[in-house]
Amino acid sequence: MRIIKKLGNAFEFFKSTIAINLAVSILPLLFGGLLLFNYSVVSFGFAISLAVKEINSKNEYLFYFNNGLSKGVLWFYSWCFILIFLISGIFVFNLINRLF
């Protein structure tokens, strides 16, 4: 039961970073295509979203730390959620592309 609570808290952290990540990754999508967008979401966009989170919301880490999640664990879970989000997005995009 405790792992579900930790995953829920990590997912909340992920949701707070996804908007910045996707906003940063829009330019590579426009100028480089879908493959560059995928790489940007996993690397550059993710790093920028964590940097913005670090600057704007330092005190939020205390909440997560009190719930048993260190900063490194949060970043790891968030990256895993980004990867799952990206893989499922690619799957849906390819499915729609095959149907039409």
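Only one residue in LEU62, LEU74 is touching a residue at least 60 places away in the same chain (Cβ under 8 Å), within 28 Å of ILE4 (Cβ to Cβ) and more than 10 Å from the chain's Cα centre (by Cα). Which one?
On the way: LEU62 fails: touching a residue at least 60 places away in the same chain (Cβ under 8 Å).
Residue meeting the stated conditions: LEU74.
Pick from region 1-20 the residues that are open to solvent by less than 40 Å² (accessible area, probe 1.4 Å) and more than 17 Å from LYS71 (Cβ to Cβ): which of them is nearest to the chain's Cα centre (by Cα)?
Filtering region 1-20 down to residues open to solvent by less than 40 Å² (accessible area, probe 1.4 Å) leaves 8-10, 13-14, 17-18.
Now restrict to residues that are more than 17 Å from LYS71 (Cβ to Cβ): 8, 18.
On the way: GLY8: 14, ILE18: 5 Å.
Going through the qualifying residues, I end up with ILE18.
Restricting the search to region 44-79, which residues are over 11 Å from ALA10 (Cβ atoms), surrounded by 13 or more Cβ atoms within 10 Å (Cβ to Cβ) and either of a type in the set (S, T, N, Q) or in contact with a His (Cβ under 8 Å, 6 or more places away or on another chain) (or both)?
Selection gives SER49, SER57.
Taking LEU95 and the conditions (1) loosely packed, with under 12 Cβ neighbours inside 10 Å; (2) among the hydrophobic types (A, V, I, L, M, F, W, C); (3) closer than 25 Å to LYS5 by Cβ, which numbered condition does it fall short on, given that it satisfies the others?
Of the numbered conditions (1) loosely packed, with under 12 Cβ neighbours inside 10 Å; (2) among the hydrophobic types (A, V, I, L, M, F, W, C); (3) closer than 25 Å to LYS5 by Cβ, the odd one out for LEU95 is (3).
The values are calculated or read from the model by the stated rules, or taken from the named source; none is laboratory data. Remember, predicted model here, so these are calculated numbers, not experimental data. Reconstructed Cβ throughout: ideal geometry from the backbone, glycine too, with neighbour counts over all protein chains shown. When the accessible area is computed, the model is the full protein with side chains, heavy atoms only, and any ligands, DNA or RNA have been set aside. Shrake-Rupley method; radii C 1.70, N 1.55, O 1.52, S 1.80 Å.
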